[in-house]
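**Student:** Please find one structure pasted underneath; my questions will follow.
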Amino acid sequence: MAKNKVKAPANEDVRTKFGKISKGANFWLTILMVLLAATVVLPLLLIVIISFSSALSIAHRGFTFFPESWSLLGYTYLLESGEQVIQSYLITIFYTVAGTVLALLVMSMFAFVLSQKHLKARLFLTFFMYFTMLFHGGLVSRYLLYTQYYNIYDTIWVFLLPGLVGGYNVFILRTFINTTIPDSLFEAARIDGANDFTIYVRIVMPLFKAGLATIGLFSVVSRWNDWYTGFMYIEKAHLTPLQTMLVRIQKNLEFILSNSDMANEPDGLQKLKEIPSTSMQMAIFVVSTIPILCAYPFFQKYFISGLTIGSVKG
């Protein structure tokens, strides 16, 4: 008796056919990926090497992977700030974590509201949010608003309140809800007596991890790299974030180099060359980038799935 052969579904055959590549194509794709990875890794490696290079080596040989001599002066200049570096690190971590958590909470609730089709004001709120993406008041009006009306100048709130809502991020979260959470789930919850807040907390949030991780990574990177806010609105040393402190150190060093009287001395030019301006710039980059590089792998899984929201529907 002949055995019955189970045929694979047609869709599975098509997916298998288009998912296969030849060994030659796989080899060249691997080479291409290695080259693309090298274009990212090698510049970072060069920056780290330059941060440990001496000023004379940079002056003689320029940027190279094999400097003539090594030096820690770039990091020594940063460590001279002492406790301020640690304080700025801690306050930046607080700004980043607290600001990201508050922003995700507010934007996720707003996105949930915009995703509810029965809400009469949904179109108006959507247009209102979209309008803010096209037009804004500018730097002068923002400065007056923060200092004269909100009174958050030189306070911790200048880092937390202004960036709570971003139109682009809200629309990403709304799209995530519309494409991954069926309306029937909301309707079933309402039939069981759940209100909107209960639906948001007990249904939306547990299914919201990929979207929140994606926007959370955007928020963490932007807040961690934000030096302008502290430069414009913060004067107290204990509230100065890391990026602002590093920018001020760099500007002070540039001021010393451009207005120094050492150039008129016999060995003045040689002393100016020995000041590690370039290596300190690279040291600033390394110090400010390492935390983000360490945090990215924890977001990668959800970040990739979050970016593909709505691209494939099954």
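**Student:** Please label the shape of the range 96-167 as rounded, prolate or oblate, based on the square roots a ≥ b ≥ c of the eigenvalues of the alpha-carbon gyration tensor (a/c under 1.5 means rounded; beyond that, a/b larger than b/c means prolate, else oblate).
**Tutor:** In terms of gyration-tensor shape, oblate.
**Student:** Next question, about the same structure. Return the sequence-ordered ³J(HN,Hα) values of the range 22-29 in whole Hz as given by the Karplus equation 6.51 cos²θ - 1.76 cosθ + 1.60 applied to θ = phi - 60°, using x for Gly and Pro.
**Tutor:** My calculation for the range 22-29 gives 6, 5, x, 5, 5, 5, 5, 5 Hz in order.
**Student:** Follow-up. Cβ under 11 Å from A194's Cβ, A194 left aside: what net charge do those residues give with Lys, Arg +1 and Asp, Glu -1?
**Tutor:** Result for the neighbourhood of A194: -1.
**Student:** Then there is this: How many angstrom lie between the Cα centre of the range 154-225 and the Cα centre of the range 47-122?
**Tutor:** The range 154-225 and the range 47-122 have Cα centres separated by 25 Å.
**Student:** Using a 7 Å offset from the Cα along the Cα-to-Cβ direction at both V106 and L164, what is the distance between the two label points in nm, to one decimal?
**Tutor:** 0.4 nm
**Student:** Ranked from highest to lowest mean number of other Cβ atoms within 10 Å per residue, what is the order of the peptides 68-77, 163-172, 279-288?
**Tutor:** Ranking, from highest mean packing down: 279-288, 163-172, 68-77.
**Student:** What spacing in nm lies between the two simple spin-label points modelled at L79 and L144, each 7 Å away from Cα in the Cβ direction?
**Tutor:** Label at L79, label at L144, 4.9 nm between them.
**Student:** Rounded, prolate or oblate: which one fits the range 26-134, using the alpha carbon gyration tensor with axes a ≥ b ≥ c (rounded when a/c is under 1.5, else prolate when a/b beats b/c, else oblate)?
**Tutor:** Oblate, since a/c reaches 1.5 and b/c is not below a/b.
**Student:** I've got another one for you. Can you classify the range 156-262 as rounded, prolate or oblate using the Cα gyration tensor, where a ≥ b ≥ c are the square roots of its eigenvalues, rounded means a/c under 1.5, and otherwise it's prolate if a/b beats b/c and oblate if not?
**Tutor:** prolate
**Student:** Once amide H atoms are built 1.01 Å from N in the peptide plane, which residues 5 or more positions from S53, or in another chain, come under 5 Å H to H?
**Tutor:** Amide H neighbours of S53: S71.
**Student:** Same structure again: Could you please report the charge total around T155, scoring K, R as +1 and D, E as -1 over all other residues with beta-carbon less than 11 angstrom from its beta-carbon?
**Tutor:** Within the 11 Å Cβ shell, the charges total -1.
**Student:** Measure off 7 Å from each Cα along the Cα-to-Cβ vector at I93 and A59, then give the distance between these two points in nanometres to one decimal.
**Tutor:** That separation, rounded to one decimal, is 3.9 nm.
**Student:** With Cβ to Cβ distances under 13 Å as the rule, what net charge do the other residues near W227 carry (K, R +1; D, E -1)?
**Tutor:** For residues surrounding W227, the net value is +2.
**Student:** Within 10 Å, count the other beta carbons around each residue, average over each peptide in 92-101, 30-39, 213-222, 114-123, and list them highest first.
**Tutor:** 213-222, 92-101, 114-123, 30-39
No lab work stands behind these numbers, since they all come straight from the coordinates. Since we're looking at a predicted model, the values are computed, not measured. For neighbour counting, all protein chains shown are included, and Cβ atoms are generated from backbone atoms with ideal geometry for every residue, glycine included.
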